[in-house]
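The values are calculated or read from the model by the stated rules, or taken from the named source; none is laboratory data. Because the structure is predicted, anything quoted here is derived from the model rather than measured. Here the Cβ is made from the backbone with ideal geometry for all residues, glycine too, and neighbour counts use every protein chain on show. These area figures cover heavy atoms from the full protein model, side chains too; ligands, DNA and RNA do not enter into them. Shrake-Rupley method; radii C 1.70, N 1.55, O 1.52, S 1.80 Å.
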Amino acid sequence: ENAIALDPSLLLSCVQNLAVCCLAERRGDECVRYYTAALALHDSPELRCGLARAHLTMGNLSSARQQVEEARRLDPEWSTQEVRERVTDVESRMRRVEEWMKEKEYERCVDELVVCRDACPLWRTPMILLLRCYVELEETEEAFQLANEECAWVENIEESEVTSELEGKDVDEELVRLVLLVFLQRNDQTSVRCLCSRMKTRDTLLWAPL
């Protein structure tokens with residue numbers, strides 16, 4: 001803020017650098033707040049496209065598309081093709097995945113979900129669906145690696161420090177249930193017991209069928 005106060009031309013570069021840091025640390029909401037605050041100071045297609053990319057990273061596809069349209073309104077000559085195409089591509093792939101999941105065509109879903117997760121790394125939905133596909137296909141090590149990338153507690157389930165993360169009100173119970181199935185597929189009885197113990201108040205959900 002001090003740098004921008006001294007030189008307003010630094011606004012774009014400052015926000016872009018902050019955005020890179022936020023997204024690297026998986027703080028998507030904070031990244032959006034920085035762009036929104038910057039737009040309150042100066043509206044520009046560059047900032048609008050930056051905000052669109054932030055929304056895309058989090059899977060907020062409608063918001064991303066809205067920001068792209070705002071950028072085009074501000075400057076019809078401004079190139080928004082790259083962001084627009086990525087949003088459209090993710091939308092199309094997720095529609096296909098939705099249909100294939102209904103038909104239990106999990107193998108067809110995998111490649112689509114890998115691409116969507118790459119485009120939207122902070123969006124939980126493609127990750128959960130991909131993990132479910134791996135579980136259904138019994139690609140156990142791929143499932144374990146994916147779950148561990150998303151949640152460090154997967155590999156450290158026996159450590160007491162993970163208790164608070166699993167017992168918090170915002171715990172993703174679908175993710176926990178899938179991780180339990182991964183442990184079972186790996187025949188990791190110790191991790192199964194630890195996870196069930198930590199989630200004892202939710203064991204009915206955990207053992208519900210897919």
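Within the range 37-64, being of a type outside the set (A, V, I, L, M, F, W, C), in a helix (DSSP H, G or I), within 25 Å of THR125 (Cβ to Cβ) and open to solvent by less than 70 Å² (accessible area, probe 1.4 Å) holds for ARG48, GLY50, HIS55, THR57, SER63.
No other residue among ARG117, ARG96 is closer than 28 Å to VAL135 by Cβ, under 17 Å from the mean Cα position of the chain (by Cα) and touching a residue at least 12 places away in the same chain (Cβ under 8 Å) apart from ARG117.
Every residue, every condition in (1) assigned to a helix (DSSP H, G or I); (2) of a type in the set (S, T, N, Q); (3) crowded, with 19+ Cβ neighbours inside 10 Å, yes or no:
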| site | (1), (2), (3) |
| --- | --- |
| GLN67 | yes, yes, yes |
| SER79 | no, yes, no |
| GLU91 | yes, no, no |
| ARG96 | yes, no, no |
| PRO121 | no, no, no |
| MET127 | yes, no, yes |
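Taken over the range 11-28, the criterion of being surrounded by fewer than 19 Cβ atoms within 10 Å (Cβ to Cβ), in contact (Cβ under 8 Å) with a residue 24 or more places away in the chain and under 14 Å from the mean Cα position of the chain (by Cα) is satisfied by LEU23, ARG26.
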